[in-house]
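Visitor: Mind looking over this structure? Questions follow.
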Amino acid sequence: TILSDPLNIVAMTTADPSAFDDFGCAFGSQLNTLTLTRLPLDDVQAQSSFVQIMVAMGSAQAVFFAIFTMNNSLLSIYNDKRTWILQRLMMTPTPRLAIIAGKILGAILLVILQVTLLLLSMTIIASFVMGEALFIWGNHMLLLLLLTLTIGLAVSGLGVFVIGAASTPEQASIFGTLTALGMAMLGGAFGFEIEALQQFSIIYWGVDGYNKLSGGNPDIMLNLTILALVGSVLFIIGSWLFNRRIEI
């Protein structure tokens, strides 16, 4: 009312300072009833900083080591070649694709077991530090299992591609290591991400899926689709390269 009337404005500017003694309390901190509270965006942000770190770090390392495990498991193909087991299998009517599938199935089971143990280990550590029983990966158990399985399929496709592209175990080991490190740098497994290229990494899509589930967000269909698509394409290319190696 005072500010809306020009006469009152003039009166305020010409009034004696003592006229504002009773009005000064309006600027005191005791009348400051406005408070700001930071609300969490999801269930993960509602947890402590330590739990958030465990979710981000645990998921990244789980997918990162899954790639290494798959590559090392498929390197046994070269050992079979050196001991002539692979050559004898090739002389049978068994398709080469079936031989690869047998190797991959065992490797996938090993990867799923390893990732599961890593996720449980992070949960146990977080529970121990926080002093209470916590499950930091959300409540969507079926989606959590499906995501872990899809990650296993994706890294298996990458492993087959590495085996198909390399002609010697030394080449496969170097190529596999460089590929895993490259995806780790792009996907944030080392604590940083290259935002312009991160979506080209299997690790990024796996970690993003785990983070969504941990935050109570079940919308991981895009993650599952991309992981399955990338794994399938790499598997097809790797199988084709493997079948072209007449010397095997």
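The values are calculated or read from the model by the stated rules, or taken from the named source; none is laboratory data. Just so it is clear, the structure is predicted and the values come from calculations on it, not from any experiment. Cβ placement follows ideal geometry from the backbone for every residue including glycine, while neighbour counts extend to all protein chains displayed. Note: accessible area is taken over every heavy atom of the protein model, side chains too, but ligands, DNA and RNA are not part of it. Shrake-Rupley method; radii C 1.70, N 1.55, O 1.52, S 1.80 Å.
Visitor: Quick one: give the max-minus-min coordinate of the C-alpha atoms of region 82-201 along each principal axis, largest first, in Å.
Guide: That gives 59, 31, 23 Å along the principal axes, largest extent first.
Visitor: Could you give me the ³J(HN,Hα) list for region 229-244, computed from phi with Karplus coefficients 6.51, -1.76, 1.60 and θ = phi - 60°, whole Hz, x at Gly and Pro?
Guide: Values per residue, Gly and Pro as x: 5, 5, x, 5, 5, 5, 5, 5, 5, x, 5, 5, 5, 5, 5, 7 Hz.
Visitor: Quantify, in whole percent, the carbon and sulfur part of the accessible surface of region 72-137 (1.4 Å probe; protein heavy atoms only).
Guide: On the way: 2850 of 3920 Å².
Summing carbon and sulfur atoms, their accessible area is 73 percent of the total for region 72-137.
Visitor: Among Phe175, Leu144, Gln114, which residue has its Cα positioned farthest towards the positive end of the charge dipole of region 79-176, with +1 placed on the Cβ of Lys and Arg, -1 on the Cβ of Asp and Glu, and the dipole taken about the Cα centre?
Guide: Phe175
Visitor: Determine, for each peptide in 106-115, 84-93, the mean count of other beta carbons within 10 angstrom over its residues, then list the peptides with the highest first.
Guide: For the peptides 106-115, 84-93, the packing ranking is 106-115, 84-93.
Visitor: Taking only protein heavy atoms into account and a 1.4 Å probe, give the accessible area per residue of region 175-248 in Å².
Guide: Using a 1.4 Å probe on heavy atoms only, each residue of region 175-248 averages 51 Å².
Visitor: Work out the length of the dipole vector of region 178-248 about its Cα centre, built from +1 on the beta-carbon of each Lys and Arg and -1 on the beta-carbon of each Asp and Glu, and round it to the nearest 20 debye.
Guide: 260 debye
Visitor: Roughly how many whole Å is it from the C-alpha centroid of region 75-141 to that of region 219-233?
Guide: 18 Å
Visitor: Using modelled amide H (1.01 Å from N, peptide plane; none on Pro or chain starts), what sits under 5 Å from the amide H of Gly215, excluding residues fewer than 5 places away?
Guide: Counting only residues 5 or more places away or on other chains, the set is Val44.
Visitor: About the Cα centre of region 95-248, what is the dipole size in debye to 20, counting +1 per Lys and Arg Cβ and -1 per Asp and Glu Cβ, all else neutral?
Guide: In total the dipole reaches around 520 debye.
Visitor: Treating each Cα of region 151-248 as an identical point scatterer and ignoring solvent, apply the Debye formula and state log10 I(q)/I(0) at q = 0.10, 0.15, 0.16 Å⁻¹.
Guide: With one equal scatterer per Cα and no solvent, log10 I(q)/I(0) is -0.31, -0.64, -0.71.
Visitor: What full-extension length gain, to one decimal in nm, is calculated for Leu229 and Ser49 as 0.36 nm per residue of separation minus the Cα-Cα distance?
Guide: Between Leu229 and Ser49, full extension yields an extra 61.4 nm.
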